[in-house]
Amino acid sequence: MKSYNIVDRGDGPKIEGTRITVYAIFEYLELQRSREWIAATLGLSSRQVQAAIDYIAEHRAEVQTEYQKIADRIRAGNPPWVQERLQEAREKFRVRTSSQQQKAMAHAPNHGG
């Protein structure tokens, strides 16, 4: 029977061998999802989810505080400079795909007639 650990390599506590953070588990627990539901949804074993649940129980205040910071950042959205860069990238993509579509249409055989 394998025991699973929670590891933190500087980017938040995660279930060992995965990229799933304890904050993802915390969010589902806050939504009152069962351990089995969480495991099935995230492709984890019940033991992996239990390791996260145990970690959350042992570090509840810290997990809640960090989760709240993450939620606040998400609600705040991107800063204006990021939005500008995203818009520029979208425009470049639009121009490039439009150009590629035009080339494809120009080289397509004429099947009409």
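Among the residues making up the stretch 47-106, those that are hydroxyl-bearing (Ser, Thr, Tyr) and assigned by TED's automatic domain parsing to the domain that holds GLU30 are TYR55, THR65, TYR67. Pairing each residue of the stretch 10-33 that is basic (Lys, Arg) with any residue that is surrounded by 15 or more Cβ atoms within 10 Å (Cβ to Cβ) and modelled with pLDDT of 95 or more, provided the two are 6+ apart or on different chains, yields C-beta distances under 8 Å for LYS14/ILE6; LYS14/ILE20; LYS14/THR21; LYS14/VAL22. As a summary of the residue check, ALA39 satisfies the conditions (1) modelled with pLDDT of 95 or more; (2) surrounded by fewer than 16 Cβ atoms within 10 Å (Cβ to Cβ) except for the one numbered (2).
As for the stretch 54-69, it holds no residue that is more than 30 Å from ASN5 (Cα to Cα) and either loosely packed, with under 10 Cβ neighbours inside 10 Å or in contact (Cβ under 8 Å) with a residue 60 or more places away in the chain (or both). Just one of the numbered conditions (1) more than 30 Å from ASN5 (Cα to Cα); (2) surrounded by fewer than 10 Cβ atoms within 10 Å (Cβ to Cβ); (3) of a type in the set (A, V, I, L, M) is not true of LEU86: (2).
ASP11 falls short on exactly one of the conditions (1) in a loop (DSSP other than H, G, I, E, B); (2) at pLDDT 95 or above; (3) under 23 Å from GLN68 (Cβ atoms), and that condition is (2).
The values are calculated or read from the model by the stated rules, or taken from the named source; none is laboratory data. Everything numeric in this text was worked out from a predicted model, so none of it was measured. Cβ atoms come from the backbone with ideal geometry, glycine included; neighbour counts cover every protein chain shown.
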